[in-house]
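The values are calculated or read from the model by the stated rules, or taken from the named source; none is laboratory data. Remember, predicted model here, so these are calculated numbers, not experimental data. Glycine gets a Cβ as well: all are built from the backbone with ideal geometry, and neighbour counts include every protein chain shown. Remember, those area values only see protein heavy atoms, side chains included, never the ligands or the DNA or RNA. Shrake-Rupley method; radii C 1.70, N 1.55, O 1.52, S 1.80 Å.
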Amino acid sequence: MVWDALQSSLDTQSATLADARPLDVLDLGGGTGGFAVRVATSGHQVTVVDPSPDALASLARRASESGVQNRVRGVQGDATDLLDVVGEASADIVLCHGVLEVVDDPDQALRVLAAALRPGGRISLLVAQHTAAVFSRALAGHLADAQRLLAAADDAAGGGAVSPAPRRFTEPGVVAALDATGYDVETVHGVRVFADLVPSALVDGEPGAADALLRLEAEAANRPELRAVATQLHVLAVRR
């Protein structure tokens with residue numbers, strides 16, 4: 001689901017360029033390259049910034065095995081020193097997947113990413129959602145934990161977060177945080193609306209169930225009343 005939306009955004013961003021050059025893509029916290037290598041396979045140049053040397057070593061092996069080692073660069077760093085590593089206005093698209101949950105200051109991280117983007121560049125943001133976390137704890141029988149997490153919504157803090165690290169977010173909070181840090185939101189998708197609720201034994205045991213679940217997820221991703229309970233939110237936004 002995330003890849004389909006990201007690929008469409010890559011195509012849209014490529015169409016804005018005056019020349020036919022590959023996009024410069026920055027993947028903050030990209031780890032072992034699950035997205036970076038796929039982006040490079042599409043013909044773009046990718047820089048992965050991650051604090052883990054082990055993850056970066058795995059990234060290099062994965063890129064080499066996929067034949068895109070010349071289009072993937074791994075650099076050790078994090079959100080605090082990002083501009084020292086890649087420089088300002090150096091990227092056409094930035095990926096920030098599962099990062100805002102753990103950084104010291106989500107708003108500052110978004111501002112740094114905006115500075116790394118060229119004007120009109122795009123951000124692909126993937127965050128864990130608050131409502132889904134409440135549901136998962138309640139369904140697992142951890143009712144006190146669910147109540148505490150639900151109450152945290154009354155004390156929402158920076159970056160749209162409604163819980164301490166690892167943070168969870170709400171859609172209105174994320175949209176407001178992006179607006180305040182220099183972005184215009186284009187699309188919001190719910191990711192894993194049903195996948196974490198349907199028993200895996202049911203999906204694995206019924207012929208065609210996995211494909212049916214994927215089709216259901218695709219249908220639910222754009223429905224606001226359903227994406228409110230999605231495990232994650234995937235937001236695409238443009239730097240002003």
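If you roll a 1.4 angstrom probe over the protein chains with everything in place, what fraction of the accessible area of segment 7-55 belongs to carbon and sulfur, to the nearest %?
Working: 1050 of 2050 Å².
For segment 7-55, the apolar C and S fraction of the accessible surface comes to 51 percent.
Could you check the spin-label model distance between S52 and L139? Points 7 Å from the Cα along Cα→Cβ, value in nm.
Rounded to a tenth, the inter-label distance reads 2.6 nm.
Please give the Cα centre distance for segment 159-187 versus segment 84-154, rounded to the nearest Å.
7
Give the separation of the Cα centroids, segment 29-45 to segment 200-240, in Å.
22
Taking Cα atoms of segment 68-205, Rg/Rh with Kirkwood Rh, to two decimals?
Rg/Rh: 1.03.
Using a 1.4 angstrom probe on heavy atoms only, work out the carbon and sulfur share of the accessible area of segment 56-173 in %.
That fraction is 50 percent.
So how much slack lies between T80 and Q147, counting 0.36 nm per residue of separation and subtracting their Cα-Cα distance, in nm?
Stretched fully, the T80-Q147 segment lengthens by 20.8 nm.
Could you give the accessible area per residue of the chain, probe 1.4 Å, as a whole number in Å²?
Per-residue accessible area for the chain comes out at 48 Å².
Please list, short to long, the whole-number percent of alpha-carbon pairs of segment 155-218 in consecutive 5 angstrom bins beginning at zero.
The calculated distribution, bin by bin, is 4, 15, 19, 14, 13, 12, 12, 8, 3, 0.
Bin all alpha-carbon pair distances of segment 67-134 at 5 Å intervals from 0 and give each bin's fraction as a whole percent.
Over segment 67-134, the share of Cα pairs per 5 Å bin runs 4, 15, 22, 26, 17, 8, 5, 3, 0 percent.
Would you mind checking the radius of gyration and Dmax of segment 1-83 based on alpha-carbon positions, in Å?
Reported Rg and Dmax, both Å: 12.7, 38.
Counting only C-alpha contacts under 8 Å and six or more residues apart, can you give the relative contact order of the chain as a whole percent?
Reported as a whole number, the value is 18 percent.
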